[in-house]
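I'd like to ask you about the structure that follows.
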Amino acid sequence: MKSVGFLKTLGSVVAMVVACNVYAQASDAAASGATAAPATSAKATSKSTKKANSQLGRKVRAAIGKAQGVDVSSIAVRARGGAVTLTGTVPDQGQIDAAGAAAKSVAGVTSVSNKLTVEQQ
């Protein structure tokens, strides 16, 4: 009687191991197949795009910070695919113009949307 119970348990364990092995192989094949490659590629592209946008935003912010007479503390820079948007407030119109010119001078910037406003005092 004990040997019958042992054989039933052993049979179910073997069946489970085989099922898991087949499932794992099917998942690996799907992941390396053509249908999953674009999804993986899209994730990698998305990460690299975000990284490039972040780097461009930092370069633009640094360039604005180096511009003569511009207070960068209240300026937000957002880069997306070479298009840069500047938002925030500055004390005078001259700083708006200087920030826009500094942003345009950075390599990789294709357009600048200058949404800076003069701070009301």
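By the gyration tensor of its Cα atoms, with a ≥ b ≥ c the square roots of the eigenvalues, what is the shape of segment 48-118: rounded for a/c under 1.5, prolate for a/b over b/c, or oblate? Walk me through the numbers on the way to the answer.
Working: a/c = 1.97, a/b = 1.83, b/c = 1.07.
Prolate is the answer for segment 48-118, as a/c is 1.5 or above and a/b outweighs b/c.
Once you place label points 7 Å from the Cα toward the Cβ at Thr87 and Lys8, how far apart are they in nm?
That separation, rounded to one decimal, is 6.7 nm.
Relative to the present Cα-Cα distance, how much length would full extension add between Gln55 and Met16 at 0.36 nm per residue of separation?
Working: separation 39, 0.36 × 39 = 14.04 nm, distance 4.96 nm.
Length gained, Gln55 through Met16: 9.1 nm.
Read-outs: derived from the displayed coordinates by stated rules, not from any lab. This one's a predicted model, so the numbers in the text were calculated from it and none came from an experiment. Glycine gets a Cβ as well: all are built from the backbone with ideal geometry, and neighbour counts include every protein chain shown.
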